[in-house]
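Engineer: Attaching a single structure in structure tokens format; questions to follow.
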Amino acid sequence: MRRNLASLLTAVAVAFTPVPASAGAARDAVMEALSQRLFPLFDAAGRDAATLDRLKARADVSTLLRARQERRAACGQDLTCVAQAMIWTPAEAEAMGQAAAALTGLPAADDGAPAQMRREIEGVNAIVRTYGLGQVPSYPQIDGAGMIDPQERQARLQAADWLSRTPRDRSAQALDPSIDYALALLDVSDRTDAIGYEPLTGGANAPAMARAKSLDWSRYRFSAMILTGVGPETDGMPLSPYGKYHLRLAASRFARGDIPFIIVTGGRAHPRGTRFAEAEEMRKALIQRYGMPADAIVLEPYARHTTTNLRNAARLLIAMGASLDDDALIVCNPQQSAMIESVQFMKRNADELGYQPGRIGRRFSPTELAIRPNRQSARIDPRDPLDP
């Protein structure tokens with residue numbers, strides 16, 4: 001019996017011993033999709049061996065990566081120490097940003113590869129701090145890992161460590177394991193929300209996207225109605241009481257005929273761990289309860305806060321080809337509508353997004369408020385659409 005147990009433990013240890021990349025690597029569709037979505041620059045570099053070689057050949061990058069490797073190795077079996085060692089310091093992020101300036105042919109935002117690299121590193125840090133080190137997020141009631149059993153936390157840290165060192169095809173592991181470590185933390189925490197509805201221009205949104213291509217936008221007073229979600233606080237409830245009120249408001253307003261689309265926005269936020277995306281449930285109800293045509297409804301199933309409701313709606317308007325010189329109309333309950341118009345909400349946008357997702361305009365009623373979307377919303381942050 002003891003011999004069999006010893007053999008089993010040896011087999012398990014061998015199974016989880018990291019193997020060199022040269023021994024082959026499996027493709028992981030989930031991790032691959034998350035990587036492309038959250039860390040496009042690192043992901044593209046991981047798919048191009050020549051790019052990785054150029055980066056690692058730089059003396060400053062080579063020295064930096066060696067120091068990070070030594071920092072991780074010094075942790076031994078201390079999994080919390082390993083998680084802390086995965087964090088990029090400000091100096092390391094700056095050095096990698098400068099090195100990214102020499103990269104060509106890789107995806108980058110409109111402010112260039114260095115800024116994109118720094119944002120992606122910031123995204124890695126945010127995930128590791130939240131899901132690896134237990135840092136309390138800005139909205140602890142819905143974001144983050146929440147209160148979990150200590151043994152479960154250790155299991156997640158151990159699995160993330162193993163996964164980050166087990167070769168994955170088309171990854172940036174050869175550069176630094178922190179990217180796959182962050183992705184693994186999301187995976188083992190069942191927070192793969194970021195890829196749940198991709199591509200967002202297809203699926204449920206295909207009818208509306210097709211209609212937008214030939215639409216005469218000038219016929220309409222507003223480019224779209226932005227219908228924000230208000231998630232329930234009860235487990236197993238698909239639509240909150242406020243959500244049902246929002247639906248009635250939207251159906252009544254849409255009936256006037258001067259708005260071509262309703263953008264329903266809200267992800268899997270309330271309560272923590274819910275299986276329901278607010279936007280998806282609102283879309284179903286608009287079609288089934290109110291007889292709305294599917295090609296008039298655009299699904300935005302990622303936003304977890306009002307700030308990202310408006311930012312993500314602006315991104316969809318850009319994808320649809322709507323003019324950003326036209327107003328959209330925010331429709332929601334009077335309390336949320338007043339909050340959106342407040343100075344405090346402007347500060348939230350500045351703190352959480354770094355800019356205003358749009359310019360608030362005329363108020364038409366306690367539940368209707370105009371907004372002129374901001375083109376800067378198109379910039380993708382590596383923390384999108386996750387919101388730890």
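Engineer: Please report how far the C-alpha centroid of the stretch 300-364 lies from that of the stretch 60-113, rounded to the nearest whole angstrom.
Structural biologist: 34 Å
Engineer: Given a Förster radius of 25 Å and the C-beta distance between Thr201 and Arg272 as r, what FRET efficiency does 1/(1 + (r/R0)^6) yield to the nearest 0.05?
Structural biologist: On the way: r = 29 Å, r/R0 = 1.16.
Step by step, r from the Cβ atoms, then E = 0.30.
Engineer: Looking at the chain only, what percent of DSSP beta bridges run antiparallel? Nearest 5 please.
Structural biologist: Here the share of antiparallel DSSP bridges comes out near 45 percent.
Engineer: Now for a separate question. Using only Cα atoms, find the angle between the long axis of helix 343-352 and the longest principal axis of the chain, and express it within 0 to 90 degrees, rounded to the nearest 10.
Structural biologist: 30 degrees
Engineer: Here's a follow-up. On C-alpha positions alone, give me the angle between the axis of helix 113-127 and the longest principal axis of the chain, in degrees, nearest 10.
Structural biologist: Helix 113-127 sits at roughly 80 degrees to that axis.
Engineer: Work out how much length Ala350 to Lys284 would gain on full extension: take 0.36 nm times their residue separation and subtract the Cα-Cα distance, in nm to one decimal. Spell out each step's value before the answer.
Structural biologist: Values: separation 66, 0.36 × 66 = 23.76 nm, distance 3.30 nm.
Answer, rounded to one decimal: 20.5 nm.
Engineer: Also, I was wondering about something else. By a straight-distance test (C-alpha under 18 Å), which lysines pair with Lys244 as possible cross-link partners, with residues fewer than eight away in the same chain excluded?
Structural biologist: Here the lysines satisfying the reach criterion relative to Lys244 are Lys284.
Engineer: Between rounded, prolate and oblate, where does the stretch 231-388 land on the alpha carbon gyration tensor, with a ≥ b ≥ c its root eigenvalues, rounded for a/c under 1.5, else prolate if a/b exceeds b/c?
Structural biologist: Working: a/c = 1.38, a/b = 1.10, b/c = 1.26.
In terms of gyration-tensor shape, rounded.
Engineer: Sticking with this structure for a sec: With a 1.4 Å probe and every protein chain left in place, work out the accessible area per residue of the chain in Å², rounded to a whole number. Show your work: numbers first, answer last.
Structural biologist: Details: 17860 Å² over 388 residues.
On a per-residue basis, 46 Å².
Engineer: Can you figure out the FRET efficiency of Ala255 with Gln84, using R₀ = 56 Å and their beta-carbon distance, to the nearest 0.05?
Structural biologist: On the way: r = 56 Å, r/R0 = 1.00.
E(calc), rounded to 0.05, equals 0.50.
Engineer: Taking the Cα atoms only, what angle lies between the long axis of helix 2-15 and the longest principal axis of the chain, rounded to 10 degrees?
Structural biologist: 60 degrees
Engineer: Same structure again: Say each of Ala159 and Arg66 gets a label point 7 Å from the Cα, pointing the same way as Cα to Cβ; how far apart are those two points in nm?
Structural biologist: 3.6 nm
Engineer: Next question, about the same structure. Give me the percent relative contact order of the stretch 260-388, please, defined on Cα pairs under 8 angstrom at least 6 residues apart.
Structural biologist: Working: 187 pairs, mean separation 29.6, N = 129.
The normalised contact order for the stretch 260-388 reaches 23 percent.
Engineer: Looking at the square roots a ≥ b ≥ c of the eigenvalues of the Cα gyration tensor of the stretch 140-213, which shape do they give, rounded for a/c under 1.5, prolate if a/b is larger than b/c, or oblate? Spell out each step's value before the answer.
Structural biologist: Details: a/c = 3.87, a/b = 1.61, b/c = 2.40.
Oblate, because a/c is 1.5 or more while a/b does not exceed b/c.
Engineer: Let me ask something additional. Under a GNM of the chain (C-alpha, springs under 10 Å), which listed residue has the highest mean-square fluctuation: Phe39, Phe261, Phe345?
Structural biologist: Maximum fluctuation in the GNM of the chain, among the listed residues, is at Phe345.
Engineer: In percent, what relative contact order does the chain have, based on Cα pairs under 8 Å that are 6 or more apart in sequence?
Structural biologist: Values: 612 pairs, mean separation 63.7, N = 388.
Relative CO of the chain lands at 16 percent.
Engineer: Quick one: grab the alpha carbon gyration tensor of the chain, order the square roots of its eigenvalues as a ≥ b ≥ c, and give me rounded if a/c is under 1.5, else prolate or oblate depending on whether a/b is larger than b/c. Spell out each step's value before the answer.
Structural biologist: Values: a/c = 2.21, a/b = 1.72, b/c = 1.28.
It is prolate, given that a/c is not under 1.5 and a/b is the larger ratio.
Engineer: Round to the nearest 0.05 the FRET efficiency obtained for Arg372 and Asp295 when R0 = 35 Å and r is the Cβ-Cβ distance. If you can, show how the numbers build up before the last one.
Structural biologist: Values: r = 25 Å, r/R0 = 0.71.
After rounding to 0.05, the efficiency reads 0.90.
The values are calculated or read from the model by the stated rules, or taken from the named source; none is laboratory data. The model shown is predicted, which means the values in this text are computed figures rather than measured ones. Counting neighbours? That spans all protein chains shown, and the Cβs are built from the backbone with ideal geometry, glycine included. Areas reflect the complete protein model, heavy atoms only, side chains present, ligands, DNA and RNA absent. Shrake-Rupley method; radii C 1.70, N 1.55, O 1.52, S 1.80 Å.
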